[in-house]
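Here's the structure, in structure tokens; my notes come after.
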Amino acid sequence: MPAKFNPLKIFSGTHSEYLSERIAHSYGQKLGSLSVNRFSDGEFQPVFNETVRGCDVFIIQSTFAPTENLMEMLFSIDAAKRASAHYVTAVIPYFGFARQDRKDKPRVSIGSKLVANLLTAAGASRIMTMDLHAPQIQGFFDIPVDHLDSSVIFIPYIKSLALEDLVIAAPDMGGTQRARYFAQNLFAELVICDKHRKRANQIDAMRIIGDVKDKNVVIVDDIVDTGGTLTKAADIMLDQGAKSVRAFCTHPVLSGKAYENIENSNLTELIVCDTIPLKHASPKIKILTVSHLFAEAIRNVYEHGSISSLFHMSNNYQTTLSL
């Protein structure tokens, strides 16, 4: 006899509805009704407008700034558990505070560990996310974590560009493993940007380890914040004879003067995913959607299938968004 599944329902947080609707559409069903009551002082309270008793509930919300997005996710998980949901999966395409994954100086918090504790305490049964800034954050959880990889979206797109003399670049030493994976799958050479910071978001010095002369360079990273690293790297690589420099970054945080920095830079283009909504369109920024990948991940989790099958490069996802 076929296994009997609990009803599945997909809900969205307030600021991720644009992506949640794409995921639900790709999955083949409508979003459930979740509203947020707001008080005059700013306090808010998520409310499920339909029953979730006995359901497998998936709540989608990226936890980018402001922190209200994280709090809304926590309250929604709590509401679902108190309404007798059978299983609650927190789908967090962009996991905020992931850059605080260790105590790298005295008297600082480990923010990503605290967020992991909060999600578990709220009642999440499972976490689904993409391209954590530090993969070891998965170990901060005592519940299952499905860590999706944007390489299955980015690598086919890079192949479609048919770039000759391709070189993959890591933006810093910490991104070497990710960049090496891209290089191996694209049969390309690897170079590394060795950078030193005075403080967060401010680069003191940078040098390129490897040869970029007469090469088309692709920089791969998980987050683009102010764009300072990418623009500086593009300038140095072009000075060293590179033909072109492109950047592929999963999460477009794009704070401060990031849009201005990117548009005035020597980057040919910046390709990002829609885990965070852009504040406005930019001629140099192209978006690839993660909706089909997350929809398949939700389907596999719900049907007790394998998530590892989603990491095969042969999967043909329709990823381009028209803006």
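The values are calculated or read from the model by the stated rules, or taken from the named source; none is laboratory data. Computed from a prediction, not measured in an experiment: that's the story for all the values here. Reconstructed Cβ throughout: ideal geometry from the backbone, glycine too, with neighbour counts over all protein chains shown. All accessible areas refer to the heavy atoms of the entire protein, side chains included, with ligands and DNA or RNA removed. Shrake-Rupley method; radii C 1.70, N 1.55, O 1.52, S 1.80 Å.
For the chain, the longest principal axis of the Cα atoms and the long axis of helix 291-302 meet at an angle of about 40 degrees. Taking amide H as placed 1.01 Å from N in the peptide plane, the amide H of Ile219 sits under 5 Å from that of Ala169, Arg246, Ala247, Phe248, each at least 5 places away or on another chain.
Packing-based ranking of 209-215, 295-301 yields 295-301, 209-215, ordered from highest to lowest mean Cβ neighbour count within 10 Å. For segment 99-192, a/c is not less than 1.5, where a ≥ b ≥ c are the root eigenvalues of the C-alpha gyration tensor, and a/b does not top b/c. That puts it in the oblate class. Highest mean first, the peptides 227-235, 5-13 sorted by other C-beta atoms within 10 Å per residue fall in the order 227-235, 5-13. Computed over protein heavy atoms with a 1.4 Å probe, the accessible surface of segment 163-315 works out to 44 Å² per residue. Restricting segment 48-99 to trypsin sites (Lys or Arg not before Pro) that sit in a DSSP loop and have at most 13 other Cβ atoms within 10 Å of their own Cβ leaves Arg53. Computed in the context of the full set of protein chains, the accessible area of segment 1-160 at 1.4 Å probe radius has 53% of its extent on carbon or sulfur. Using θ = phi - 60° in the Karplus curve 6.51 cos²θ - 1.76 cosθ + 1.60, the 3J(HN,Hα) couplings for segment 270-287 round to 10, 10, 10, 9, 9, 5, 10, x, 5, 6, 7, 6, 9, x, 9, 10, 10, 10 Hz; x is entered for Gly and Pro.
Here Lys113 is the anchor, and the lysines within straight C-alpha reach of less than 24 Å, apart from those fewer than 8 places off in the same chain, are Lys81, Lys103, Lys105.
Counting only heavy atoms of the protein chains, get the accessible area per residue of segment 1-142 (1.4 Å probe) and round it to a whole Å² value. Per residue, segment 1-142 has 50 Å² of solvent-accessible surface. Could you give the distance between the Cα centres of segment 131-168 and segment 89-121, to the whole Å? Cα centroid of segment 131-168 versus Cα centroid of segment 89-121: 19 Å apart.
Looking at segment 51-203, the DSSP beta bridges with both ends there are about 10 percent antiparallel.
Highest mean packing comes first when the peptides 178-186, 57-65, 154-162 are listed by Cβ atoms within 10 Å, giving 57-65, 178-186, 154-162.
So what's the angle, to the nearest 10 degrees on a 0 to 90 scale, between helix 111-122 and the longest Cα principal axis of the chain? Around 20 degrees separate the two axes.
What number do you get for the chain when its Cα radius of gyration is normalised by 2.2 N^0.38 Å, N = residues? Expressed relative to 2.2 N^0.38 Å, the Cα Rg reads 1.03. For the chain, the antiparallel share of DSSP beta bridges with both residues in that region comes to about 25%.
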